[in-house]
Amino acid sequence: MTPQAAGLSLADVLAARQAISGIAARTPLVPSPYLAAKLGADFLLKLEIAQPTGAFKLRGAANAVASVPEGAAGVVCCSTGNHGRSVAYAAARRGLRAVVCLSSLVPEAKVAGILGLGGEARITGHSQDDAQVEATRLVAEEGLIEIPPFDDPRVIAGQGTIALEMLEARPDIATLLVPLSGGGLAAGVALAAKAIKPAIRVIGISMDRGAAMAASISAGHPVEVREVASLADSLGGGIGLENRLSFSLCRDLLDAVVLVTEEEIYRALQAVFYQDRLVAEGASVVGIAALLAGKLDAAAPGPMATILTGRNLDMGLFARIVAGADVDLDGKTVKGASWRMK
Ligand SMILES: *Cc1c(COP(=O)(O)O)cnc(C)c1O
């Protein structure tokens, strides 16, 4: 399998780096002594939590927004989370109108976040499907250009720029742990990393409940899974039954997909807070959860790295985890445990 899958290649990632420079930050790659001691080799954290929107999704969004022709009416998307924030921010930087379609169930804080970044919030209906209907209407009737969250060549190439920066800073990285949802991040990172260093292992990590990409790779085609509440809420959602790119890239380029439990994510959030002194959302720490749980049989010997993908989390929930309290996730209780410094 050559890393030119689906017509995308390293050249697209290098072009994306040019297109997003000045909008997305070149983020630090820092060592974690605690995780290095657990692994027995260097362990590095790529701090995408330091992006101006608080998440890596700015890279893909900025690359897609950069390709919108001059004079276009604007862009539209219907993500309630990090993608919506990033599209709003990248469009505002280009002076373009950005409409984020949301359902009325979305919390007020998320709407305020999008407005604060310069986007417009369009609230319609009671589900994500209703929001998508409105986005499709805006494309047809007002000529807005839709920016998809993961299944798009420009988005995938933008996310791949993370791997360029990581391997430039540390060419000796042997294994990359990549949080996995729709697979735009894992596809871009694996494509770029393997083009630069074919021997590198790239392992996708998801939560063990509602992991659509993992289920789809096992089935051999995109499948739907039931969405359930998770501490890694940014990893929820499907991959699309009509998936064009991210599914085949993840299937072909990932060396393994590992699933972690809510309890393992809880412990990893504590570890990153108490040991590395960092605040990151649940989706960010699934790779660390897999390491601490001893689930990384597919890793290569040598330095390992993961991407702290975002920091947009519910701070009330986070405070409970830091305190070691039980956490309720839509009826499922994640049993608390206090962190002891070792
Ligand atoms: C979107 C997201 C991911 C997963 O990215 P995909 O491209 O959908 O696989 C991981 N972490 C955070 C914080 C995200 O917002």
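The values are calculated or read from the model by the stated rules, or taken from the named source; none is laboratory data. Computed from a prediction, not measured in an experiment: that's the story for all the values here. Using ideal geometry, Cβ is built from the backbone for each residue, glycine included, and neighbour counts are taken over all protein chains shown.
Figures for the structure shown
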item	result
Check on residue 253, over 16 Å from the mean Cα position of the chain (by Cα), closer than 28 Å to residue 148 by Cα and at pLDDT 95 or above	yes
Filter pass, residue 28 being of a type outside the set (A, V, I, L, M, F, W, C) and either more than 28 Å from residue 292 (Cα to Cα) or in contact (Cβ under 8 Å) with a residue 40 or more places away in the chain (or both)	no
Residue under evaluation residue 172, criteria (1) in contact (Cβ under 8 Å) with a residue 60 or more places away in the chain; (2) assigned by TED's automatic domain parsing to the domain that holds residue 15; (3) in a helix (DSSP H, G or I), criterion not met	(3)
Selected residue [within 30 Å of residue 121 (Cα to Cα) and out of contact with any Lys or Arg (no Cβ under 9 Å at 6 or more places or on another chain)] from 218, 181	181
Within the stretch 297-317, tally of residues that are of a type outside the set (A, V, I, L, M), outside any loop (DSSP other than H, G, I, E, B) and within 14 Å of the ligand (Cβ to nearest atom)	2
Lone qualifier among 186, 193 - being near the ligand (Cβ under 8 Å from one of its atoms) and either part of a loop (DSSP other than H, G, I, E, B) or touching a strand residue (DSSP E or B) at 6+ places or on another chain (Cβ under 9 Å) (or both)	186
Count of residues meeting criterion [without any contact (Cβ under 8 Å) to a residue 60 or more places away in the chain, touching a strand residue (DSSP E or B) at 6+ places or on another chain (Cβ under 9 Å) and in a helix (DSSP H, G or I)] in the stretch 215-255	3
Conditions (1) farther than 30 Å from residue 60 by Cβ; (2) surrounded by fewer than 17 Cβ atoms within 10 Å (Cβ to Cβ); (3) in contact (Cβ under 8 Å) with a residue 40 or more places away in the chain; (4) among the hydrophobic types (A, V, I, L, M, F, W, C): number failed by residue 319	(3)
Enumeration of residues in the stretch 91-133 that are in a strand (DSSP E or B) and touching a Ser or Thr at 6+ places or on another chain (Cβ under 8 Å)	100, 101, 102, 123
Candidate set from the stretch 268-293 (those that are outside any helix (DSSP H, G or I) and crowded, with 24+ Cβ neighbours inside 10 Å); member that is nearest to the ligand (Cβ to nearest atom)	281
Residue within the stretch 123-145 that is within 16 Å of the ligand (Cβ to nearest atom), hydrophobic (A, V, I, L, M, F, W, C) and touching a residue at least 12 places away in the same chain (Cβ under 8 Å) present	no
Which numbered condition residue 63 fails, given (1) assigned by TED's automatic domain parsing to the domain that holds residue 287; (2) surrounded by 23 or more Cβ atoms within 10 Å (Cβ to Cβ); (3) closer than 18 Å to residue 186 by Cβ	(1)
Out of 286, 260, sole residue that is assigned by TED's automatic domain parsing to the domain that holds residue 216, under 18 Å from the mean Cα position of the chain (by Cα), in contact (Cβ under 8 Å) with a residue 12 or more places away in the chain and under 22 Å from residue 167 (Cα atoms)	286
Positions within the stretch 43-72 being assigned to a loop (DSSP other than H, G, I, E, B) and out of contact with any Asp or Glu (no Cβ under 8 Å at 6 or more places or on another chain), in sequence order	51, 52, 53, 54, 57, 67, 68, 69, 70, 71, 72
Residue count, the stretch 258-267 (criterion: buried (at least 21 other Cβ atoms within 10 Å of the Cβ) and not in a helix (DSSP H, G or I))	2
Criterion: within 10 Å of the ligand (Cβ to nearest atom) and either touching a strand residue (DSSP E or B) at 6+ places or on another chain (Cβ under 8 Å) or within 15 Å of residue 288 (Cα to Cα) (or both) - qualifying residue of 258, 178	178
Flag if residue 100 is touching a Cys at 6+ places or on another chain (Cβ under 7 Å) and modelled with pLDDT of 95 or more	yes
